[in-house]
Amino acid sequence: MLEADVIIPVYRPTRRFLELLDMLESQSLPIGKIILINTEKKYFDQLTKGTDFWKKHQKLIVEHITKEEFDHGGTRNFGVSLSKASYFIMMTDDAIPADNRLVERLLAPFEDEKVGMTYARQMPAEESGAIERYTRSFNYPEASCQKSAEDLKEMGIKTFFASNVCAAYRRDIFDGLKGFTDHTIFNEDMIYARGLLNAGYRIAYVADAKVVHSHNYSGREQLERNFDLGVSHADYPQIFSGLSTESEGIRLVKKTCAHLFKIGKPWLVFKLVWQSGCKYLGYFLGKRYKKLPRKVIKKFSMNKGYWK
């Protein structure tokens, strides 16, 4: 029977995070440790103070770091270093397992030794708007699949699309590939996934392994997030060059627009155009960040601590 530890970077946790822990501990396939790398101890203490938190969650290992120490790749590598399990699952602190079979389903493809990474389907939260709900279904469809380097020509960047919102890893392969890139602003999961494919392994998208995870970003937040995406693509041309990301974005906009008319909400097209414009502007600027003043870069970036 496969067993995995779960590793979660945590920042300013809410009651939703407590729900995540409860769901992890009720899984059909028992997990080993739950390793939390928490940024800024005071917020964690505020949530757990005066409760039976530690008595209830005895599988926890908690390490506290400062905001300045956090890094998308390095912090996760630190979490992995605290695990001795043959498999581990990366999650974010706002992703809730949709049922008690998430871990079981996420680990199942590892029966095939050529599968080095799996990732879950992200379902929209109840409060999500129509645009966000469709975006989730576009990026995380109902059908499972496996992807290899042979699919790059046809699928492009989608071949190594994967998300640490909820993804599982085979430890021996992870160690062999030297883990995540230590200093990354974004996309540590996709950078690793591309290296995994290049090494001859496969990525499995497991549609019946589900987490509830979505965002209702403002236009400004979309700009900042996509600025960081552009920075990541600029910093790792060996990973992302030669693969058009703009065409995939345009396809999403067109299909979302058609969907909004289909469900009788054409007025949301104006919101879609605004958000898409913010995304494109952010990505455009991020790709060219080396030509921008430092002050402008920090203003547009979502991960401002990266630039210190």
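The values are calculated or read from the model by the stated rules, or taken from the named source; none is laboratory data. Remember, predicted model here, so these are calculated numbers, not experimental data. All Cβ positions, glycine included, derive from the backbone under ideal geometry; neighbour counts span all protein chains shown. The protein model used for the area step is the full one, side chains on, heavy atoms only, and it has no ligands, DNA or RNA in it. Shrake-Rupley method; radii C 1.70, N 1.55, O 1.52, S 1.80 Å.
The figures follow:
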| quantity | calculated |
| --- | --- |
| Under 12 Å, Cβ to Cβ, from Q275 - net charge with Lys/Arg +1 and Asp/Glu -1 | +2 |
| Rounded if a/c under 1.5, otherwise prolate or oblate - the chain, Cα gyration tensor axes | rounded |
| Sparsely packed GluC sites (Glu not before Pro) within segment 97-191, loop by DSSP, other Cβ within 10 Å at most 13 | E113, E126, E127, E142 |
| Inter-label distance, nm, simple model (7 Å from Cα along the C-beta direction), E111/E150 | 2.1 |
| Residue order for V231, V269 - accessible surface, 1.4 angstrom probe, largest first | V269, V231 |
| Gaussian network model of the chain, springs between alpha carbon atoms under 10 Å - residue of L197, L252, L102 with greatest fluctuation | L252 |
| Pairwise FRET efficiency - R251 versus S26, Cβ, R0 = 35 Å, nearest 0.05 | 0.35 |
| Label-to-label distance, nm, for residues given as D99 and E63 (7 Å Cα→Cβ offset) | 3.5 |
| Under the Karplus curve 6.51 cos²θ - 1.76 cosθ + 1.60, θ = phi - 60°, whole-Hz ³J(HN,Hα) for segment 8-13, x wherever Gly or Pro sits | 9, x, 10, 8, 6, x |
| GNM flexibility winner over the chain from K147, K279, K291 (Cα, springs under 10 Å) | K291 |
| Highest-fluctuation residue, G176, G277, G195 considered, GNM on the chain with Cα pairs under 10 Å | G176 |
| For a label point 7 Å along the Cα-to-beta-carbon line of I263, residues of segment 107-151 with backbone N under 12 Å | 124-138 |
| Probe 1.4 Å, accessible area per residue of the chain, Å² | 49 |
| Antiparallel %, DSSP beta bridges [both residues in segment 106-205], to 5 | 60 |
| Mean-position separation - Cα centroids, segment 38-102 and segment 222-283, in angstrom | 31 |
